[in-house]
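Below you'll find the structure, written out as structure tokens, and then a few comments.
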Amino acid sequence: MSPLRIGVLISGSGSNLQALIDAIHKQEIHGEIVVVLSNKKEAYGLQRAKNHQISAEYVDSRVYQGDHYHERIMTILQEKQVDLVVLAGYLKMIHPDMIAAYPNGIINIHPSLIPSFCGKGYYGMKVHEEAIAYGVKVSGATVHFVDEKPDHGPVILQETVPVLWEDTPESLQEKVLKIEHQLLPQAVALFSQKRIEVVGRRVKIKEGS
């Protein structure tokens, strides 16, 4: 079986990208990251990619405006023959054409237990601020397939962390991030092993060989 060709989209520091790179180096994922793309020029994730000799590119929305931006992203992914697109802290909506081109082939990591504290506007520290304000006793992270609505596609994996009385948004974010760094590589590994089956909105994890 050929290694999975992975494209990663980022907007920030790329800590989840690093978790994927580390998992590939440990041979936990049968695949390789062939390109990292960012909509933010200053995103440190681009440097992380370059540190590991991975092709990395900033796609400037001032140069590629409107639909041309998404067309540029698609062109690069297709040129690199990407099999799986991973959103690792990517803060732009995915164009419907791209979703159509990669059916159940785009996954996202979100820092809550979807369908709680998710959707439009729920990213970064706001997710954890809302979880604490609501008074939930557990939060966590979710890896899911991407569809036309934000944080809406079928759930692949979830894991919880306790929300303690003394937690702050910052401390909760730190706990959830540790879970993210485990879940995202695990989901990509399952995808690379062809062990994920989607039936309606439900995801079945098939037994390994």
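Values computed for the structure shown
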| item | result |
| --- | --- |
| The chain: relative contact order as a whole-number percent, Cα under 8 Å and 6+ apart | 19 |
| Within straight-line cross-link reach of K149, aspartates and glutamates at Cα separation under 17 Å, skipping those fewer than 8 residues along the same chain | D97 |
| HN-Hα J in Hz across the range 102-115 - Karplus 6.51, -1.76, 1.60, θ = phi - 60°, x for Gly and Pro | 10, x, 6, x, 10, 10, 10, 10, 10, x, 7, 8, 4, x |
| Length released on extending from S13 to H30, taking residue separation times 0.36 nm less the Cα-Cα span | 3.7 nm |
| Cα centroid separation - the range 131-148 against the range 167-181, whole Å | 12 |
| Over the range 111-200, relative contact order from alpha-carbon pairs under 8 Å, at least 6 apart, % | 30 |
| Environment charge of E57, counting only residues whose C-beta is closer than 13 Å and scoring Lys/Arg +1, Asp/Glu -1 | +3 |
| Label-point separation, M125 to K137 (7 Å along Cα→Cβ), nm | 2.9 |
| FRET efficiency for Q81 and W165, using Cβ-Cβ distance with R0 set to 45 Å, rounded to 0.05 | 0.35 |
| Nearest 10 degrees, 0 to 90: helix 67-79 Cα axis against the chain principal axis | 70 |
| Three-way shape label, the range 108-209, alpha-carbon gyration tensor, a/c 1.5 | prolate |
| Gap separating the Cα centres of the range 95-122 and the range 16-89, nearest whole Å | 17 |
| Virtual spin-label span in nm between Q47 and D97, 7 Å along Cα→Cβ | 3.4 |
| D_trans [Stokes-Einstein, Kirkwood Rh over alpha-carbon pairs] for the range 1-102, 37 °C, 0.692 mPa s, µm² s⁻¹ | 240 |
| Cα-projected label distance for R202 with Q65, points at 7 Å along beta-carbon direction, nm | 4.9 |
| L157 long-range amide H proximity, modeled H, under 5 Å | V143 |
| Residue with peak Gaussian network fluctuation, the chain [Cα springs, cutoff 10 Å], from D147, D97, D67 | D67 |
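Only the coordinates and a few stated rules stand behind these numbers; no lab work does. Keep in mind that this is a model prediction, so the values were computed, not measured. In this analysis, Cβ positions are derived from the backbone assuming ideal geometry, glycine residues included, and neighbour counts consider all displayed protein chains.
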